[in-house]
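Report on the following structure.
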Amino acid sequence: MTYGMIATWRMAYEGVIHQSEHLADGSSAGDVLEGVIKEVEEFANFISVGYGGLPNEDGTVQLDAAFMDGTTFETGAVAGLENIKNPISVARKLSKERFNSFLIAEGAKKFAVKNGFEQEDLLTEKSKEKWEEKKKKIELKEMTPYDGHDTIGMVVLDKANHMAAGTSSSGLFMKKNGRVGDSPLPGSGFYVDSDIGGAAATGLGEDLMKGMLSYETVRKMEEGLSPEDAAQRTLEEFEKKLERKYGKVGAMSLVCMNNKGEWGIATNVEFTFVIATKTQKPTIYISNRSEDGQLIIEKPTKEWMKDYQGNLNNRIE
Ligand code: ASP
């Protein structure tokens, strides 16, 4: 039986390494997905997810997350959740609820606390400093708000042929209080059907949610497209439509995997992602779109990896 996982951004790498052993040993797609995302949420230096996530314009960390089981279609999500380190686990817990499975803000926190999740301060000194710096720069008009975001989004296929998809994000840096991105929205930030495959998105939520890109990618795989073609056509078709109707196209990236463990991605910016399958050990790729519109996928250079590590370490005092 085959198995595999694909996740957005370099930040997933260590979690994917740790969980790929469990996946090979027969752990469920849901457990592996939650394991990877929890690891990313708990590492303070990843500043766009979970603990240490970048705050909104009021200086509060508000988190969005979702979990979907591709076999049962159990789906749970939270948005604007405060003071809970592992929104993915809250979302997964909510996926077991017949009703009220997508909760926001205070209601989501109440559910989490009632279910034993501890409340803690998620704002680290480093994110607070970044927030203060950014506030000043925005006031001086040296910088626009909202750049500074990345979601961990992933799809997992386990040995029993079950699939799961999920996301976790602190959304856009300096977002308005209460702003919700695409990440917790089924069909938009993520979607999975074990009979077909799954997809997850990252980028500008306000644009991604207009196209329901994760659902559309899965739908195209159902029509018989390879994951590669499904992701790329979904993004390209939508970009054209968005340009025509709306006149603006933000950053958008997609990852997907079908239930044979084949994967694909699409992006209109520089985008890193992580793969691990039965035949491929955990690998980081860096992708981009060439000037003539071709998708380029490469392994990052040693220099790139070194710079990345340097930036990451700089986030600790
Ligand atoms: N899609 C996320 C949001 O808009 C951010 C990201 O993935 O970069 O909240």
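All of the numbers you see were taken from the coordinates with simple rules; none came from a lab. All values derive from a computational prediction rather than experimental measurement. Positions of Cβ are backbone-derived with ideal geometry, glycine not excepted, and every protein chain shown enters the neighbour counts.
May I ask you to order 30-36, 259-265 by the average number of other C-beta atoms within 10 Å around their residues, highest value first?
Values: 30-36: 24.7, 259-265: 20.6.
Order by mean packing, descending: 30-36, 259-265.
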- Query: Ranked highest first by average number of other Cβ atoms within 10 Å, how do 193-203, 169-179, 284-294 line up?
  - Reply: 193-203, 169-179, 284-294
- Message: Let me spell out the model: positive unit charges on the Cβ of Lys and Arg, negative unit charges on the Cβ of Asp and Glu, origin at the Cα centre of the chain. What dipole size does that give, in debye rounded to 20?
- Response: 380 debye
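Rounded to whole Å and sorted largest first, what semi-axes of the equivalent ellipsoid does the C-alpha gyration tensor of the chain yield via the square root of 5 times each eigenvalue? Don't skip to the end; give the middle numbers.
Working: eigenvalues 143, 109, 78 Å².
So the three semi-axes of the chain are 27, 23, 20 Å.
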- Item | Global form of segment 18-104, assessed from the alpha-carbon gyration tensor, a/c cut-off 1.5 | oblate
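With +1 on each Lys and Arg Cβ and -1 on each Asp and Glu Cβ, and nothing else charged, work out how big the dipole of segment 178-317 is about its Cα centre, in Debye to the nearest 20.
Details: 18 positive and 22 negative charges, 43 e Å.
That gives a dipole near 200 debye.
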- Query: Based on Cβ point charges of +1 for Lys and Arg and -1 for Asp and Glu, what charge dipole magnitude is obtained for segment 1-158 about its Cα centre, in debye rounded to the nearest 20?
  - Reply: 340 debye
- Sorted by average packing, counted as other Cβ atoms within 10 angstrom per residue and highest first, what order do 183-190, 120-127 take? 183-190, 120-127
- Go through segment 57-72 residue by residue and turn each phi into a ³J(HN,Hα) via Karplus (6.51, -1.76, 1.60, θ = phi - 60°); whole Hz please, and just put x for glycine and proline. 5, 8, x, 9, 7, 10, 10, 10, 7, 8, 9, 9, 9, x, 8, 9
- The long-range amide H neighbours of L63, using H built 1.01 Å from N in the peptide plane and a cut-off of under 5 Å, are G80, L81, E82
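Nearest-5 percent of antiparallel DSSP beta bridges in segment 30-165? If you can, show how the numbers build up before the last one.
Values: 10 of 13 bridges.
Once the DSSP bridges in segment 30-165 are tallied, antiparallel ones form about 75 percent.
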